[in-house]
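Asker: Mind looking over this structure? Questions follow.
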Amino acid sequence: MAVSETEAQPVAPRDLIGAWWAAHGEDVVAWRRHIHAQPELSRQEINTTELVMAELTAAGLQPRRLPLGTGVVCDLGRADQPRVALRADMDALPITEHTGLAFSSTVEGVSHACGHDAHTAILMGVAKLLASVDALPVGVRLIFQPAEEVMPGGALDAVAAGVMNGVSRIFALHCDPKLPVGSVGLRSGALTSAADHIDLQLHSAGGHTSRPHLTGDLVYAMGTVITGLPGILSRRIDPRSGTVMVWGAAHAGNAPNAIPQEGRLRGTVRTGDHTTWAELEPLVRSVIGELLAPLGVRYDLSYFRGVPPVVNDEVAVEMMRTAVAAIGPNAVADTPQSPGGEDFSWYLERVPGAMGRLGVWDGIGPHGDLHQPGFDLDERALEIGVRTLAGIALGVA
């Protein structure tokens, strides 16, 4: 029988994605709930890895575990095609869940309070969807990454394992409870900030508070650093860089009439500018030395570099915008730069790419926040996530 001209028309990528979701969307929801109920901490994502391996293998794909035992990488498409990467993180947080969900965490003190369960389920759905496509327009590498929640991040392990070899661009989504479900927040340039940790330990001979001139007044020295370091950094760094230094812990002494011998300060310094990030450690060390030099107090400074800022590539953002716009007229949203850190930035040290903010607010309840015991998401966002990442791979318009 002759095939009519109408019957010969290929299925538009947007329609293909919609049809797949209609048939298999319930599977993505079920995966998310399964992972949510069995959260695993960073570098312990054994069961989550097994689930991903099993489902991708069942789809006829050939997934591979990352060398450290958790995490998965899987290629689709021809080897001679340009290749884009799609990344999801897998780990949970050491936070006790207080959502009351029927599929709440069954692991004491551990929960998916950052939405990584959704990220993983979405990319599993994308894997199954793309596996059903006869000929992909580009090669695709799926990266299910462990250990995003620890510094300096499991992305470094994945990069060391070669996951970026042959990749031209990389994309990811992250849940955002400030954005309504149905939308994806996009931004060119800096999306997140570099996040470094400072641990300063001070030492003095100690003494009586009636005779501070005979010793190093350790608490006074701590106060000098507490106020002086943030203040001086604000005068030596361009304010347009979005740099902020905040102390989170200060400990010294017990008695009101005794100058203590030991004290400790811990804090973070963040910036949205990559050049500034490279200059922060020597500047912080220099300023602390200058502040403490006249005070007779010894110190040990440990400076822990965290992650670079996520800086979205303009071309990659436009590719993501095309995929999101195909979802609906109000799907594309703006999003501000966040002072938080995200190890997706390590991939962007190798190739250009973009991360989008996946709206998960139901539009009814209060705006929660990530890393809270009561964090939850509107599961309608799972479809938006699949449509976005699959749309990037299929080049929907």
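The values are calculated or read from the model by the stated rules, or taken from the named source; none is laboratory data. Computed from a predicted structure; not experimentally measured. All Cβ positions, even for glycine, are placed from backbone atoms using ideal geometry, and neighbour counts span all protein chains on display. Surface accessibility is based on the protein's heavy atoms, side chains included, excluding ligands, DNA and RNA. Shrake-Rupley method; radii C 1.70, N 1.55, O 1.52, S 1.80 Å.
Asker: How long are the semi-axes of the equivalent ellipsoid of the stretch 264-340, taking √(5λ) for every eigenvalue λ of the Cα gyration tensor, in whole Å from largest down?
Answerer: On the way: eigenvalues 359, 28, 15 Å².
They are 42, 12, 9 Å, listed largest first.
Asker: May I ask for the equivalent-ellipsoid semi-axes of the chain, computed as the square root of five times each C-alpha gyration tensor eigenvalue and listed largest first in whole Å?
Answerer: Details: eigenvalues 437, 93, 69 Å².
The answer is 47, 22, 19 Å, longest axis first.
Asker: Starting from the Cα of A131, step 7 Å along the direction of its Cβ; do the same at L156; then give the gap between the two resulting points in nm.
Answerer: Simple spin-label model gives 3.3 nm for this pair.
Asker: Tell me the angle of helix 116-131 to the major Cα principal axis of the chain, expressed in degrees between 0 and 90 and rounded to the nearest ten.
Answerer: Helix 116-131 sits roughly 30 degrees off the main axis of the chain.
Asker: When the accessible area of the stretch 276-330 is split by element with a 1.4 Å probe, what percent falls to carbon and sulfur?
Answerer: Details: 1390 of 2620 Å².
Result for the stretch 276-330: 53 percent of the exposed heavy-atom area is carbon or sulfur.
Asker: If you fit an axis through the alpha-carbon atoms of helix 314-325 and take the longest principal axis of the Cα set of the chain, what angle between them do you get, 0 to 90°, nearest 10?
Answerer: It is inclined by approximately 50 degrees.
Asker: Provide, for q = 0.17, 0.22, 0.23, 0.25 Å⁻¹, the log10 of I(q)/I(0) from a solvent-free Debye sum over equal Cα point scatterers in the stretch 348-397.
Answerer: Cα-only, vacuum Debye calculation for the stretch 348-397: -0.70, -0.91, -0.94, -0.99.
Asker: Sticking with this structure for a sec: In the stretch 82-192, what percent of the accessible surface is made up of carbon and sulfur (1.4 Å probe, ligands and nucleic acids excluded)? It would help to have the intermediate numbers written out before the result.
Answerer: Details: 1770 of 3280 Å².
The nonpolar share, carbon plus sulfur, comes to 54 percent.
Asker: Another one. Could you report the stretch 200-335's accessible area per residue, 1.4 Å probe, as an integer in Å²? Write out the running numbers ahead of the final one.
Answerer: Working: 7080 Å² over 136 residues.
In whole numbers, the stretch 200-335 has 52 Å² accessible per residue.
Asker: Semi-axes, largest first, in whole Å: what does sqrt of 5 times each Cα gyration tensor eigenvalue give for the stretch 12-119? List each step's numbers first, then the result.
Answerer: Working: eigenvalues 147, 71, 26 Å².
Largest first, the stretch 12-119 gives 27, 19, 11 Å.
Asker: Pick from P82, P67, P282 the residue whose mean-square fluctuation is largest in a GNM of the chain, springs joining Cα atoms under 10 Å.
Answerer: Answer for the Gaussian network model of the chain: P282.
Asker: Moving on to the next point. Could you list log10 I(q)/I(0) for the stretch 200-340 at q = 0.09, 0.17, 0.20 Å⁻¹, which the Debye formula gives when each Cα is one point scatterer?
Answerer: Log10 I(q)/I(0), no solvent term: -0.42, -0.94, -1.14.
Asker: Quick check for me: using +1 on Lys/Arg Cβ and -1 on Asp/Glu Cβ, what's the dipole size of the stretch 260-397 about its Cα centre, in debye to the nearest 20?
Answerer: With only Lys, Arg, Asp and Glu charged at Cβ, the dipole is about 260 debye.
Asker: Could you provide, to the nearest whole Å², the per residue accessible area of the stretch 1-127 with probe 1.4 Å? Mind showing how you got there, number by number?
Answerer: Working: 6150 Å² over 127 residues.
The answer is 48 Å² per residue.
Asker: Tell me the angle of helix 274-292 to the major Cα principal axis of the chain, expressed in degrees between 0 and 90 and rounded to the nearest ten.
Answerer: 10 degrees
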